Amino acid sequence: MYEDRLPTAPVFSAKAIVTGGLGSLCIAIGSPYGNMVIRGSYLSIDFSTAGALFLFFLLTGFFNALLRRFAASLALGRRELIVAYIMMIVASAIPTMGLSEYLLTIITGAQYFATPENEWGLYILPHLPQWMVPQDPNAVKWFFEGAPIGVGVPWEAWVEPLCYWAVLIIALYLVMISSMVILRRQWMDRERLVYPLVQVPLQMAENERGGALGPFFKSPIMWAGFVLPVLVSSFNALHAYLNYIPAIQLVSSVPIFRNEVGLIFRLSFPMVGFSYLINLDIAFSLWFFNTIAKLIRGGLSVLGVGSTEKLGIYGAVSEPILAHQGQGALMMLVFFGLWVGREHLGDVVRKAFKGDDSVDDSGEMLSYRAAVFIWLGGVVVMTLWMWQAGLPLWTAFFTLLMALIIFTGLTRVVVEGGVATAVGPMISSSVLVSAVGSTVIGPAGLVGMAYTYVWAADIRTFVMASCAHGLKLGEELGQRLRPLFWCMLLAVFISLLGSVAMILHLAYEYGGINLNGWFFGGGTRAPFDYIITKLNAPTVPNISGWIHTFIGGGIMALLVLARHTLLWWPLHPIGYPIGAVWLMDELWFSIFLAWLIKLLVMKYGGPRLFRRARPFFLGLILGQFSIAGIWLIIDFYTGMTDNVVFWI
């Protein structure tokens, strides 16, 4: 029995919260610096929260181990470590792709990139609410090009718009957190979803009585898996310093269907590790549906059949037909999940509005009444905010509703399928514009909708998914979880303030366009490029899009029905909604490889061999994230840039 599992062991202690806060601050300022100045491996853009896991590795494997040996009173217990890690994964969802680097660049992008040729000044700028964006032309210019020596950050230009944006963002995060509180018991206790992404930190937090390291760190099988990505990534990193050291290629592609489709073979060590932890039928479905999507895409291209609809650059937009079908499937996934959980949701509603004593919510992070009313209040605040930003009231509500459906569906995919890098088939603004046409939304509404790209476009990470994993880890903390809510909020505020301050400092110091070509270039222009096409050529409701959305939803319904009625049915429906997205094109081979290995392990070695081999695959995950972090630190001290050893 572990000493820090005893009832008297502290959980939400000051040292746990301080450690989590410091880790959150490191992520908040380190992530933007890493991808803007060092331009190395990305550690905070995906659901994997690689940066948080790297810091947790240093904490559990080194710092806390030293404290246990030399200053035991300062060492963190197992549950304290988990509290700190939960704060760090929540913080990881904000600094870069999750929010901050899009927030600051998009709210200045229309002003900076407007030219007579693109006509943004004619079609977009007149509809910008002044309260929503910085008004000082020099502040905008210097943000992208660098401020004069000695000027620094012109805070007076930023304070007002950022305060207005903070209202929307805090409301969004409260809605996300309360959503996961409402769904927690259904997903964890009733459906018993797997949550593969928390398996490594749970093992790392194990500590023996009186020992410096737990059994996870003493496993030679784990270290064998750890060493493999360390060696490969180190060879590739050293190649940037010494070009005579050969680089090890982890990706290749084969063109198929007359070069219309590329079959990408990418070896992602973390994805192999995560996929080994999920059920065989889920892993099979993930790569199978992606293969089917590529065959359909290639066949349509060869035949010259397909949709010419412009959906923007996010999701499965290379073939709009598949994007609509995937979106219909994702919506059906969410609706079916709510239907299956109707009994639990009924309990939540009765507890929230009637105070039903037969429903026990004492073990939740928030009471059901608080969660429901926070959710309702947050939705009202966000809807009114977007209405004031220019969207018609009904458009604001349905854009938000669709975004929440996408957030919930992707979170379900991640916690059940272990897909640490994923995006939805479409984004909420594209869904709505396609469904009702741009004409009824109007120019001001379309411009306001462009600014939803700040928080609802390139959604490879967000607080809802981090909260879901935090609540899963919270099972290890005992019954008194209410303080965890405030720990999460603290991590949110630290990450928001720290990342915004760091990005502003770096942009005015070096000039944003000199730092990161995506966040200060393509990612900034994307919402306005999409909107300007709709302003120049207004659209009506896309009937084909409606049809294919219903087709995708119908196929998903059949897959779900087959899954629940036919014991022999091999396809899990979780793979269908994301089968056509571009990230699955990159990851399918790693998922296939893990599926094949696990299939052989289970066939010839059974559950015993599966359990014995499991630490190896956990080591693959930890090794890749750790060496990526280590090389970022090395590159920081040597001045090396663009030395990317890990992407996905």
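Take the Cα radius of gyration of segment 44-191 and divide it by 2.2 N^0.38 Å, N being the number of residues; the result is 1.48.
So for the chain, taking the charge dipole from beta-carbon charges (+1 Lys/Arg, -1 Asp/Glu), which of Asn118, Gly523, Tyr276 sits furthest toward the positive end? The Cα lying farthest towards the positive end belongs to Tyr276. Distance from the Cα centre of segment 622-648 to that of segment 31-80, in angstrom? Using only Cα atoms, the two centres lie 14 Å from each other. Here the chain is assigned +1 on the Cβ of each Lys and Arg and -1 on the Cβ of each Asp and Glu. Its dipole about the Cα centre then comes out at about 1720 debye. With a Förster radius of 35 Å applied to the C-beta separation of Arg369 and Ala71, the computed FRET efficiency comes to 0.20.
Taken over segment 119-178, the convex hull of the Cα atoms encloses 123 Å³ per residue. For segment 493-558, the spread of Cα positions along the three principal axes, ordered from largest to smallest, is 52, 34, 19 Å.
Under the membrane-span-like helix rule (DSSP H runs whose alpha carbons stretch at least 20 Å along the helix axis, mean Kyte-Doolittle hydropathy 0.0 or higher), the chain yields 14-33, 78-92, 155-185, 220-241, 280-303, 320-340, 368-388, 393-417, 482-510, 543-565, 582-604, 606-638.
Taking other residues whose beta carbon is less than 9 angstrom from the beta carbon of Thr539, and scoring Lys, Arg as +1 and Asp, Glu as -1, yields +1. Find, among the trypsin sites (Lys or Arg not before Pro) in segment 231-334, those assigned to loop by DSSP (not H, G, I, E, B) with at most 13 other beta-carbon atoms within 10 angstrom. Here the sparse-neighbourhood loop sites are Arg258.
Ranking Trp165, Thr439, Ser41 by how far each Cα lies toward the positive end of the dipole of segment 3-638 (charges on Cβ) leaves Ser41 at the top. Centre-to-centre, using Cα atoms only, segment 286-344 and segment 483-511 are separated by 35 Å.
Relative to one another, the C-alpha centroids of segment 352-412 and segment 535-608 are positioned 28 Å apart. Working note: Cα gyration tensor of segment 47-133, eigenvalues times five, square-rooted, sorted largest first, giving semi-axes of 48, 11, 9 Å.
Taking one quarter of the surface of the C-alpha convex hull of segment 361-405 gives a mean projected area of 3.5 nm².
Among residues other than Trp647 with Cβ under 13 Å from its Cβ, the summed charge is 0 (Lys and Arg +1, Asp and Glu -1). Coordinate range of the alpha-carbon atoms in segment 500-648 per principal axis, descending: 60, 53, 24 Å.
With the largest listed first and rounded to whole Å, the semi-axes of the equivalent ellipsoid of segment 349-463 from the Cα gyration tensor are 30, 20, 11. Dipole orientation for the chain: of the candidates Pro392, Leu99, Pro196, Pro196 has the Cα lying most toward the positive pole (charges on Cβ; Lys, Arg +1; Asp, Glu -1).
Quick note: the coordinates plus some simple rules give every number you see, no bench work behind them. Since the model is a prediction, treat every value here as computed from it, not as a measurement. Heads up, the Cβs are rebuilt from the backbone with ideal geometry, glycines too, and the neighbour counts pull from every protein chain shown.
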